[in-house]
Amino acid sequence: MIGLIVVGGPWLALSWQNTRPLATMTDKGLFAFRLPNGREDYVTLSKGSTVTVFDATAADPVIGLWYPRLGYATAAVPRAALRFVR
């Protein structure tokens, strides 16, 4: 049991520390997302949608949506449109 704590504890702490924060949308909005292949896609996010936050320190935080087989599409959104979960 002690071995599990000694080995698993630091791994769990490192994983938690490197997980991107989440936020929920406070209002419905249309946002321009830049896909990894360079294409731009307009997406309507409804109130309460959960998004991944890539850069929470910017004036307009950068959020991401996962596109299967492409990766994350990113967009800058107004800070007032987000409620940070963690």
Practice problem: For D55, list long-range residues whose amide hydrogen, built 1.01 Å from N in the peptide plane, is under 5 Å from its own amide hydrogen. | Solution: V62
Practice problem: Mind listing the long-range amide H neighbours of L82? Cut-off is under 5 Å, sequence gap 5 or more, other chains count too, H placed in the peptide plane at 1.01 Å from N. | Solution: T26
Quiz item: How much area per residue is accessible in segment 15-86 when the probe is 1.4 Å and only protein heavy atoms are counted (Å²)?
Solution: 64 Å²
Quiz item: What part of the accessible area of segment 31-73, given as a whole %, is carbon or sulfur when the probe is 1.4 angstrom?
Solution: 52 percent
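The values are calculated or read from the model by the stated rules, or taken from the named source; none is laboratory data. What you see is a predicted model, and the numbers here were worked out from it, not measured in a lab. When the accessible area is computed, the model is the full protein with side chains, heavy atoms only, and any ligands, DNA or RNA have been set aside. Shrake-Rupley method; radii C 1.70, N 1.55, O 1.52, S 1.80 Å.
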